[in-house]
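Down below is the structure, laid out as structure tokens.
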Amino acid sequence: MSSARAESSLQVYVVRYGPGSELLGSLQAFVKERQLKAPFIMTCVGSVTSAKLRLANATATNLNEIIQLSGRYEIVSLVGTLNPDAHLHICLSDSKGKTVGGHVMGNLQIFTTAEVVIGEAVDLQLTREMDNITGFPELVVQPHP
Amino acid sequence: MSSARAESSLQVYVVRYGPGSELLGSLQAFVKERQLKAPFIMTCVGSVTSAKLRLANATATNLNEIIQLSGRYEIVSLVGTLNPDAHLHICLSDSKGKTVGGHVMGNLQIFTTAEVVIGEAVDLQLTREMDNITGFPELVVQPHP
Amino acid sequence: MSSARAESSLQVYVVRYGPGSELLGSLQAFVKERQLKAPFIMTCVGSVTSAKLRLANATATNLNEIIQLSGRYEIVSLVGTLNPDAHLHICLSDSKGKTVGGHVMGNLQIFTTAEVVIGEAVDLQLTREMDNITGFPELVVQPHP
């Protein structure tokens, strides 16, 4: 559990992306532009017309449990960290109110809007190291150098 | 993308509303009473006995994709911004664990409790301006005057 | 509505738990170890292989609406407060993207990872008092002594 020096103050950023933007790429570009070291999603409200999601059954050796959604969806949850690789999970609701969720692979084309509050733990630096148990590069929390 | 000066410090508020309160109106009253300028939902846990939701198929010219839910629901997600008009999406789970989600129109009658943490980006002011592309008043992020 | 003195600054903690940890117990241990007084979930992304959830129909006199989930699930939402008793709701997505939600009772065995940002409202103290209307110990927000 890598939380030995996990404490930090916080800076927040509020952004809005409009139709035609892709949400995952927009968030990654924002993190890069502002050189954020420990950014994460605080809240996100909006709508998309597509999504590429990896489902719960995927493992490091079985990554092909992926679905491509197309249609109008409300973002009812977006969670996770943004650095150095975004690790985001999303829950979307459709025209019947039915929900679908998974790991964000991309293609989150914005329908009307996406309002996002990003938190930056200014005293920390988030990195990733290969975890031999999971087979994925997993989060490492360190003090900001 | 209206994030030119999106950076801010944060103040937080923790509130609890009990049975008989309506959650959307209670949050709007809190924002008005405290004169918050850039408030948003950080977390919310609780339960409701009703909800009025707009579904994902709605557009500015087709606003009648609305459902009225009645029954006991757990709030498993509440996301969005609270100023000047609340833009909230919610995900609710029913007595079978099944979830339903959409845009909050109101009528969130609290069953037992709603515990909410509200963030206020103290250096920012959130407003809304009509977006001709979407047909909705969309979020504008500005420095606090 | 117990928000008379609800305003606070914020400290954040970023932690990661790996395979073999149980998420609810790990969060409770972290809160105890750091002696946090007003902690809550800011974001959580990860996956579990099991969950014990109380469903929406439960009341103080009918607590047995509980399900035990087993299988691979993505955490697509985790909300709530952590002190003095954790009051958490969760939304999980399965291998088809289908979601299930409810009140966290425990048994959140981590599959690959759980990345969590915890907020601590440093000027507040969260406690619980029996609410005769709901029959549950409900949140009370007070200034930190």
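Here, each number is a calculation from the coordinates, and none is a lab measurement. Just so it is clear, the model here is predicted, and its values are computed rather than measured. Every residue, glycine as well, gets a Cβ built from its backbone with ideal geometry; the counts of neighbours run over all protein chains shown.
A few remarks follow.
- Of everything listed in (1) farther than 20 Å from B:Val14 by Cα; (2) free of Cβ contacts under 8 Å to residues at least 60 places away in the same chain; (3) surrounded by 17 or more Cβ atoms within 10 Å (Cβ to Cβ), the single unmet condition for B:Gly71 is (3).
- Only one entry in B:Thr81, B:Thr59, B:Thr43 is out of contact with any Pro (no Cβ under 9 Å at 6 or more places or on another chain) and over 23 Å from C:His103 (Cβ atoms), namely B:Thr59.
- Checking A:Leu88 against (1) crowded, with 17+ Cβ neighbours inside 10 Å; (2) more than 8 Å from every other protein chain (Cβ to nearest Cβ); (3) within 27 Å of C:Ser95 (Cβ to Cβ); (4) in contact (Cβ under 8 Å) with a residue 60 or more places away in the chain, the condition it does not meet: (2)
- Taken as a whole, the range A:62-75 holds at least one residue that is closer than 21 Å to A:Glu115 by Cβ and hydroxyl-bearing (Ser, Thr, Tyr).
- Residue within the range C:43-59 that is part of a strand (DSSP E or B) and either touching a helix residue (DSSP H, G or I) at 6+ places or on another chain (Cβ under 6 Å) or acidic (Asp, Glu) (or both) present: no
- Selection within the range A:51-81 - within 14 Å of chain B (Cβ to nearest Cβ) and more than 28 Å from B:Ala60 (Cβ to Cβ): A:Val79, A:Gly80
- Filter pass, A:Val48 being over 17 Å from A:Gly119 (Cα atoms) and buried (at least 20 other Cβ atoms within 10 Å of the Cβ): yes
- Scanning the range A:18-32 for residues that are surrounded by fewer than 20 Cβ atoms within 10 Å (Cβ to Cβ), within 17 Å of the chain's Cα centre (by Cα) and basic (Lys, Arg) turns up at least one hit.
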